[in-house]
Amino acid sequence: RKGKARRSRGKALCEVPLSKQKRSRRMKANDRERNRMHHLNSALDALRSVLPTFPDDAKLTKIETLRFAHNYIWALTQSLRLA
């Protein structure tokens, strides 16, 4: 390629050792995943709080919460159609 300068993506390899780069990327990815799961769990807790359950029931699992919410919304929709 005549006349075109090479462009680098980020820091040059000699500036930061590759193992440190990988470790840093992995730590950032783990942090993003941890935050994503915290937000998901918070949303599921908020959903559980509006679903009608008995107080002595054990905490619903994630999939049980989603299935129950789906069925509850369906039942409410059906009752509105019949009213």
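The values are calculated or read from the model by the stated rules, or taken from the named source; none is laboratory data. Bear in mind that the values here come from a model prediction, so they are computed numbers and not experimental data. Remember, those area values only see protein heavy atoms, side chains included, never the ligands or the DNA or RNA. Shrake-Rupley method; radii C 1.70, N 1.55, O 1.52, S 1.80 Å.
Leaving ligands, DNA and RNA out of it, work out the accessible area of LYS28 with a 1.4 Å probe and give it in Å² to the nearest 10.
120 Å²
Distance between Cα centroids, the range 20-37 to the range 65-83: provide it in whole Å.
39 Å
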